[in-house]
Structure formats: structure tokens, C-alpha cells
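Structure record follows, encoded as C-alpha cells.
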Amino acid sequence: RSIGCGLGSLRSKRTGASGSWGLYMAGPIPFFGPLVLTRSGRPALQDNEVEYIIQPDLELATACEASGGGVLSLTSHRLLWVAGGKERAGWLSGVQRASLDARNMFSKKRTLSITLSTGFDAGELAFVFRNGGEDEFLDALHTSIQRRAWEAADNRARSTGFQASSAGISGLMRKQEQERRATGKLAEEAFTDLKALMGKAREVVSVMDRYKAQITSDAAASGANEGESEQMRELMLNMGIRSPVTRSSAGTLYHQQLARQLADFLTHSGRLKEAGGMMTLPDVYCIFNRARGMELISPDDLVEVATILRPLGLAMSIRKFDSGVTVIQADSHDDRIMGQHIRALASQLGSVTSVDVSAQLRIPLTLAREHALIAEEGALLCRDECLDAIRFYPNMFSEWA
Amino acid sequence: PPECWSSPPFFTLQPVAVTREKQLTLWADVVLDWAKTTNTWSMALHKCPLWANPTISRRLSDEGVAAVVAHLIAKGNAEWETGDNGSGGAAAAAAVGEVGAGRRLRIMWKTVANVANELIAHARESGMIGSVYTVFELHSGDDAPGTPFHQMDPWLLRRAIVLLEEQGKAALFEGATSDAEGVKFFSA
């Protein structure tokens, strides 16, 4: 049902890409085409595309051009090259062969030669590695090319042809049973062979996607189970990260790439916005790690990453309150506007406590208290200290005095 | 009583400086208005009915009372009857801490200067120039009712007379008690 639909749309995207390649076979074409980035500066990955290795500080020399100080990323489908302020990507399907030159005793410099298929303007690409990492890169490159991930999707799409035995309710049930078994087998295989895991990772992620699609379609169909499917929806969305940026794949760029990924994660489906433009670090730590699943980041890493959000211009930054509470705050958040919301709430209810603010604005109690204190500091609220709590009133002193 | 006195936040000493300033100004107004209405010139601090409003179950804390008193003293509208009148916050807080000791505060909803001016003006208009009057006569004499000085506390009258003496408009005659002291007014 929805499973078929999911892959069907997948297929049309893929044929669009590979179809355009066929049209260009007229004259010599450049291997590298434009690379689209997300708003945080991360490469926008295709469906089922997984990032394997990110290698910085490389030089590129081809027959047509040379550029230095660039970042080369290997994904399951493409080679991404960012240098001189330009971001470009080339399909792995165009690579015929790749090899490294011999090791030199006197310097760490090694050249990775990539031979392209006929029809490209440059016969060969040469990437110069000066700081190591070339062996892993070549290994990963070979494995990626062998796997031919860009074709497999097409094959799977094509194989969902209709058969008589899959008709009717029993057919649907049988199909679901098969898929469930495949999923179970998938988990087994994936965990026993770590290298095969790299390939299965993509499949696992697409299984998650199918579940996600199923939940959304269920929710749309029967409004009665809304509470339940709402919960499932949240659970699934929290598993939405497809290719975690890990320490081994980003090297010295680790924190920067992580920062960009965190920014993407928090703005995707409006997580930060839903939380009122502000989220405490422990909360961010929990949901980010839960979504990553493996390769969890440490609290120190999170603090480090949060600190560089502002310098990288990612539309959010770290903020520490006098009480010691540390949060990640979206740039769009305005203390004054929040203060006025609370003041309006206080006017409406007569007076509010932090608990009231937390409940009405749907934000955590710690943050509700901070916002109320800030509003008080800005002379929007005044306080009444009772035995059990502090009640905040709209600041009438301005009107009386 | 004014509207603010019925509002709970009025009885919590506000932590934010800007808001606190306004709050203290309001408290000063409330205290002086009450003193004027009840013709109170001095009171035992802890007996003042203003510090608590039972209707809303709120009480101004000792710290709050100290802040209000300090504000009044700084404005020149109050002074301690006994002891140090230094404007230090510690002195003021310590003073209020002795609330049980029944320390008395003088409230001057008219300042000494005001009273002095009224006194000399009244004396000149009423033909009291040249004669000697006792302080007692001024606040409780046969002619006292109807004057602004009727039932005024003797200490305040004395202060006003002392000020007039400094200004060369009157002379103070020492006496055994405050009431027995006398004053002679000069013409302009």
C-alpha cells in the first residue's frame, strides 16, 4: 500500500537523475555538477544517500583546472567537492577506476587518481593527500563503487510487480509477513557483520522511513487513534537522522559538521520552534542522541558544538542564565515578546506562577521561570512572594506611580 | 485607602530596582496621606496599621518596612525619635529589627520648613507679634482650635520655632518641659 507508494516516488526521483545523464552523452561533459546545500551549509543528500567519509585539505588537479584547500566527501552515490567557495558533486557512476600512487619515504604526500568513464571532459582526476587518510578513502571509494547504490534502488522499484498471489487480504497479509521477516533477518545480518552494516545502514534507514510513512498514512485515515499515532509520529520523527556525522568520517571538521547537523536537526520539523525558540542543553542532548542511535556524542562535545553555533552563523546560539541554566536559543527568540506574552497571560488570569506559565506556553518549568524573571527584570511584571510560590502580576507600579 | 494598598505585589519588596523605586514612592505617599488624615505626627513603628492588609492576607516584611522608612527619612518626611538618624541601610534595618522595642518614628507630612512658614505667617496675620506664647498654648490653647497647629506634637512646633530663630523671625525661650517653652514672634 503506502510501502509501494514510498518506493514509487523514490523511483521517479532516481530516474530523473540518471535519465538526465543519458541526454548529455552528446559532447564531453564535466564530471562535477552543482551541489545543493541545506540552510546550515550541509550537503543535501538524496533519498537513501549516506555519507561515508569527509576528507579536508585536499588539492585537485585535472586536465582543465586545479584547486586547493578543498573538502572531498564520499557518499554512497556521489563524490562531493567543496573548494574555493564552490560546492560541486559528481556521480560515482561516472568513475571507472581509482588508485593511489606508491608510498614515498620522504613525504606524506600521496595522489589519488580517479579515472573517469569516456565522455567526460577530464579523463582523470588527481586528489593530493598531504595529511594521511588516503588508504581509508580509497577503500571506501572502492566499496561504494562496487555496491552501485544508485542502481539498486531502481532494481527494487522494478521488482514490485503485481502477482496474483499478492491479491486480496490474504495476499496483503502474506506480503506484510514477508517484509516483517525480512526486517528481522535484516537486523540479524546487520549486527553480525560490521562491514556489511555500512551497506545495510541505508536499508535500515529506508525501513524506518517506510514505518514513518505508514504511521502518517494511518493517522490521516483514522482520526480516532490520533493520540496514539501522534505519539508514534513523534517517536519516528525523532529517528529521522539518516547519516550521522561521526568522528571518523569528519576528522578535524568534526565539531563544525556536528554543529551544522545539530542546527539542521533542531530546525527540521520545527523542533526548536515548537519548544518556544529555546531548549535546555540536557534536553537537546537527550533528543539529539536518541535520534542518532549509534555514535552518541558526549556532553562535552555538545557544549563545544553549542558554543560554535553562533560563530558559524547557524541561526541559533548558546545562552547561559544567571541561575546557571544553559540553553540553545534560536536567533528569532525575543525576550521582550516572550515577556509580553507572559504579561498578557498574567492580565488574563490575574496572576501567574512559573507552573502556570509552563503549562500555558508549553515550555519546561525551568525555562518558564527564567522567562518570568527576565520579564520582571524588564519591568513588565512585578512579584508577590507567598509562602509556597512567587506569583507574578502585570507591573502596575508603572501605572500607579 | 488607595488602590495599590489592596494589591498583593505592593507588600513584596520588589527586587528590580526600577520597580522598587516606584513602589517606595507609592508607599511614602500612602504613609503620608494616612498621617495627614489621622493627624498623626509620630507613631510606634510596629503599631502602624499600614504594614499589613488582613483582607488580602499580606504583610510587608521587616526589610520592606525598613526600606520605606529609609525612603521617607531620605525625603525629609520622617525621622527617628530616639537614636541615630544616619541614612545607612544597616542602621535603618537594625532599627526596624528592634520593632519589639517599640521605637517611635516621627512622620512629617508637613516638613519642618512648611510648619515654620505657616507659623510665622499665622502669627503675623493674627497679631501675635511681640507677645510671648508657650508651645502649649500654640497647640492646645483657647485659640488653638481652627489653626493648623491644633493638637500638633510639641516636638514639631519646637523644631519649627528653632528654624524660625535661625532665620531671625522669632526667639525661643527655654523651659522646663517642651510645653513650657516659649516663643516670641518678630515682625518682618
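The values are calculated or read from the model by the stated rules, or taken from the named source; none is laboratory data. Note that this is a predicted model, so its numbers are computed, not measured. When we count neighbours, we look across all protein chains shown, and the Cβ atoms used for this are built from the backbone with ideal geometry, even at glycine. The accessibility values were calculated without ligands, DNA or RNA, using every heavy atom of the protein model including side chains. Shrake-Rupley method; radii C 1.70, N 1.55, O 1.52, S 1.80 Å.
Take the residues in segment B:173-188 that are hydrophobic (A, V, I, L, M, F, W, C) and either over 22 Å from the mean Cα position of the chain (by Cα) or modelled with pLDDT of 85 or more (or both); name whichever of them is least open to solvent (accessible area, probe 1.4 Å).
The initial filter retains those residues of segment B:173-188 that are hydrophobic (A, V, I, L, M, F, W, C), namely B:173, B:176, B:180, B:183, B:185-186, B:188.
Among the residues that remain, those that are also either over 22 Å from the mean Cα position of the chain (by Cα) or modelled with pLDDT of 85 or more (or both) are: B:173, B:176, B:185-186, B:188.
Values: B:Phe173: 88, B:Ala176: 106, B:Phe185: 2, B:Phe186: 80, B:Ala188: 119 Å².
Among residues in segment B:173-188 that are hydrophobic (A, V, I, L, M, F, W, C) and either over 22 Å from the mean Cα position of the chain (by Cα) or modelled with pLDDT of 85 or more (or both), the one least open to solvent (accessible area, probe 1.4 Å) is B:Phe185.
Report yes if B:Ala28 is under 20 Å from the mean Cα position of the chain (by Cα), part of a helix (DSSP H, G or I) and away from chain A (no Cβ under 11 Å), otherwise no.
Against the criterion (under 20 Å from the mean Cα position of the chain (by Cα), part of a helix (DSSP H, G or I) and away from chain A (no Cβ under 11 Å)), B:Ala28 does not qualify.
Counting only residues that are modelled with pLDDT of 70 or more and β-branched (Val, Ile, Thr), which one in segment A:117-164 is farthest from A:Leu80 (Cα to Cα)?
Ranking the candidates gives A:Thr118 first.
What's the total number of residues in segment A:282-311 that are in contact (Cβ under 8 Å) with a residue 24 or more places away in the chain and either under 14 Å from the mean Cα position of the chain (by Cα) or open to solvent by 20 Å² or more (accessible area, probe 1.4 Å) (or both)?
Qualifying residue count for the region: 11.
Considering (1) more than 28 Å from the chain's Cα centre (by Cα); (2) outside any strand (DSSP E or B), say which one A:Asn48 fails and leave the rest.
Condition (1) is where A:Asn48 drops out.
Any residue in segment B:63-82 that's within 17 Å of B:Asp33 (Cβ to Cβ): show its pairings with residues that are open to solvent by 30 Å² or more (accessible area, probe 1.4 Å) at Cβ separation under 6 Å, as long as the two are six or more apart or on different chains.
The qualifying pairs are B:Gly76/B:Thr111.
Tell me, which residue of segment A:378-401 that is farther than 18 Å from B:Leu24 by Cβ and free of Cβ contacts under 8 Å to residues at least 12 places away in the same chain is farthest from the other protein chains (Cβ to nearest Cβ)?
Only one residue tops the list, namely A:Asp388.
Report, by residue number, each residue of segment B:32-48 that is part of a helix (DSSP H, G or I) and either among the small types (Gly, Ala, Ser) or surrounded by 13 or more Cβ atoms within 10 Å (Cβ to Cβ) (or both).
B:Leu32, B:Asp33, B:Trp34, B:Ala35, B:Leu45, B:His46
Sort through A:Leu345, A:Leu387, A:Leu314, A:Leu367 and tell me the only one that's open to solvent by less than 30 Å² (accessible area, probe 1.4 Å) and in a loop (DSSP other than H, G, I, E, B).
Going through A:Leu345, A:Leu387, A:Leu314, A:Leu367 in turn, just one is open to solvent by less than 30 Å² (accessible area, probe 1.4 Å) and in a loop (DSSP other than H, G, I, E, B): A:Leu314.
Within segment A:354-364, which residues are part of a loop (DSSP other than H, G, I, E, B) and open to solvent by 20 Å² or more (accessible area, probe 1.4 Å)? Can you show your working first?
Narrowing segment A:354-364 to residues part of a loop (DSSP other than H, G, I, E, B): A:362-364.
Passing the criteria: A:Arg362, A:Pro364.
Take the conditions open to solvent by less than 10 Å² (accessible area, probe 1.4 Å) and at pLDDT 85 or above and apply them to A:Leu100. Does it pass?
Spelling it out, it is not the case that A:Leu100 is open to solvent by less than 10 Å² (accessible area, probe 1.4 Å) and at pLDDT 85 or above.
Check B:Lys22, B:Lys47 and return the single one that is of a type in the set (Lys, Arg), over 13 Å from B:Asn77 (Cα atoms) and more than 9 Å from every other protein chain (Cβ to nearest Cβ).
B:Lys47
Just to check your reading of the model, which residue among A:Ser93, A:Ser107 is over 13 Å from A:Leu58 (Cβ atoms) and surrounded by fewer than 13 Cβ atoms within 10 Å (Cβ to Cβ)?
The match here is A:Ser107.
If I filter segment B:144-157 for residues that are open to solvent by 50 Å² or more (accessible area, probe 1.4 Å) and over 16 Å from B:Trp41 (Cβ atoms), do I get at least one hit?
Yes.
Within segment B:49-72, does at least one residue satisfy the condition of being at pLDDT below 85, crowded, with 17+ Cβ neighbours inside 10 Å and of a type in the set (Phe, Trp, Tyr)?
No, segment B:49-72 has no match at all.
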